[in-house]
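Derivation of every value follows stated rules applied to the coordinates shown; laboratory data play no part. Keep in mind the model is a prediction, meaning the values are calculated, not measured. For neighbour counting, all protein chains shown are included, and Cβ atoms are generated from backbone atoms with ideal geometry for every residue, glycine included.
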Amino acid sequence: MVLHLIKLSVGPASIEDLAARQARQRSEALNAGRDPAPFHATRMLPKRHGEIVGAGSIYWVIKGTLSCRQGITAIEPFTGTDGIARCRIVLDQTIVPVAPRSYRPFQGWRYLAAEDAPTDLDQAAVGDLARMPEALRRELVSLGLL
């Protein structure tokens, strides 16, 4: 069984902003001699990580809209410099836009069953959806039209 995670993207206002943030982090990591793979650090290790790694994705909620996903390549527990146990969710570099869906704010992350995951935007049933600007898709979702 494949399982995914849903996470609020705090800060970025668009998929492009998320990609730019990750590009900056990748550049900083390369300059410092660290692994340049994008990652998200969180306090809790997903108990069902075996169902996620290698097949699951993290679905990003941007400005109240489930907007895109990235494959999860690894989940690595680590201890921060403050002595607190954390978890690094290592992501694929490719950010894939998905069929947009309204999503209420929440804290942390949530599990998402594969059958409940939105389709990738390039495979969505609505023909012109993939060609629309992201801001327009988000507005249509907020109006309940998508």
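Quick look at the numbers
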quantity	calculated
Option label - percent of Cα pairs over 26 Å apart computed here, alternatives [x] 25; [y] 43; [z] 34	[x]
Normalised contact order of the range 3-142, rounded percent, pairs of Cα under 8 Å and 6 or more residues apart	28 percent
GNM flexibility winner over the chain from G54, G64, G11 (Cα, springs under 10 Å)	G11
Whole-Hz couplings from phi, Karplus 6.51/-1.76/1.60, listed for the range 63-74; x for Gly and Pro	6, x, 10, 5, 10, 7, 9, 9, x, 9, 9, 7
Rough spin-label spacing in nm, given labels placed 7 Å along Cα→Cβ, for V10 and S27	2.4 nm
Net +/- balance of residues flanking A41 in space, Cβ distance below 9 Å, scoring K and R +1, D and E -1	+3
Dipole magnitude of the chain about its Cα centre (Cβ charges: Lys, Arg +1; Asp, Glu -1), debye to nearest 20	420 debye
Chymotrypsin sites (Phe, Trp or Tyr not before Pro) within the range 81-139: DSSP coil, no more than 11 neighbouring Cβ in 10 Å	F106
Positive-pole candidate from Q123, S142, P100, dipole of the chain, charges at beta carbon	S142
Shape of the range 1-74, Cα gyration tensor, a/c cut at 1.5	oblate
Rounded FRET efficiency, nearest 0.05, which uses the C-beta distance separating D120 from A85 and R0 of 41 Å	0.75
